[in-house]
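What follows is calculated from the coordinates using simple rules that are stated; it is not laboratory data. It should be emphasised that the depicted structure is a prediction, and the values quoted were computed from it without experimental measurement. Quick reminder, even Gly has a Cβ in these numbers, built from the backbone with ideal geometry, and neighbours come from all protein chains shown.
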Amino acid sequence: MKKIIFYLCFLTLFGCAGYEPLFSTKNLSYYIIDIENVNSDKITQKISRNLDNNKFKKVGTKGYKLKISSNKKSIIVSRNVKGEVTTYEMNVNVEVRVFSNDSILPLNILKFNKNFTYKNQINKSNLNQYKKDILNNMVNTISQDIIIKLRSL
């Protein structure tokens, strides 16, 4: 009984020490001045919304302007003997051009490619919802990758 109480006290005192969210906007070395969507589709709009948290101007930090373009493709990967589609692949390609505060030429061009293979379903409404969930997850990981890359510039 004493061991259980000791472990519970130990975990409550030292379990969460030093926790800090990975993508917090507290100690950033940059801020985003403006985000321009080259092609105004849903993917670039979602990425822009995800990056809006980094628009807070801080003294002594670098300012970047971003131009985001994206492309989404769904490809048929395999068919069964009857010719019905059994497997799809969704490809999302995003290109981010990073500009300095007052430059015309980009500092860096970041390219992100995400692929996901999924099986066809009989219920088409479930399939459409599954596609939306896959796309949202891919967009979220791409926007997190953009934040990580901007931190390293």
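Modelled label positions at Asp41 and Ser125, each set 7 Å beyond Cα in the direction of Cβ, lie 2.7 nm from each other. In this structure, Asn53 and Asp102 have a Cβ-Cβ separation that, at R0 = 41 Å, corresponds to a calculated FRET efficiency of about 0.95. Computed extension gain for Arg151 through Tyr30, at 0.36 nm per residue and net of the alpha carbon distance, reaches 42.8 nm.
Just how large is the dipole of the chain about the Cα centre, in debye to the nearest 20, putting +1 at every Lys and Arg Cβ and -1 at every Asp and Glu Cβ?
On the way: 25 positive and 11 negative charges, 51 e Å.
For the chain, the charge dipole is close to 240 debye.
Please give the Cα centre distance for segment 29-95 versus segment 105-153, rounded to the nearest Å. Cα centroid of segment 29-95 versus Cα centroid of segment 105-153: 7 Å apart. Look at (1) 38, 36, 33; (2) 64, 64, 22; (3) 40, 36, 24: the one that is Cα extents along the principal axes in Å derived from this structure is (2).
Counting other Cβ atoms within 10 Å of each Cβ, which GluC sites (Glu not before Pro) in segment 40-118 have at most 10 and sit in a DSSP loop? Can you show the working numbers first?
Numbers: sites: Glu84, Glu89, Glu95; in loops: Glu84.
Within segment 40-118, the qualifying GluC sites (Glu not before Pro) (loop, at most 10 other Cβ atoms within 10 Å) are Glu84.
Restricting segment 26-55 to trypsin sites (Lys or Arg not before Pro) that sit in a DSSP loop and have at most 13 other Cβ atoms within 10 Å of their own Cβ leaves Lys26.
Arg79 to Lys2: extension gain in nm, 0.36 nm per residue of separation minus the Cα-Cα distance? Please list the in-between numbers first.
Values: separation 77, 0.36 × 77 = 27.72 nm, distance 6.22 nm.
Using 0.36 nm per residue and subtracting the Cα-Cα distance, I get 21.5 nm.
Residues of segment 36-51 with amide nitrogen under 20 Å from the 7 Å Cα-to-Cβ point of Lys132? Taking a point 7 Å out along Cα→Cβ of Lys132, the residues of segment 36-51 whose backbone N falls under 20 Å are 41-50. Entry note, the chain: relative contact order of 19 percent, from Cα contacts under 8 Å with a spacing of 6+ residues. Excluding same-chain neighbours fewer than eight residues apart, the aspartates and glutamates reachable from Lys73 by a Cα-Cα span under 16 Å are Asp41, Glu89, Glu95, Asp133.
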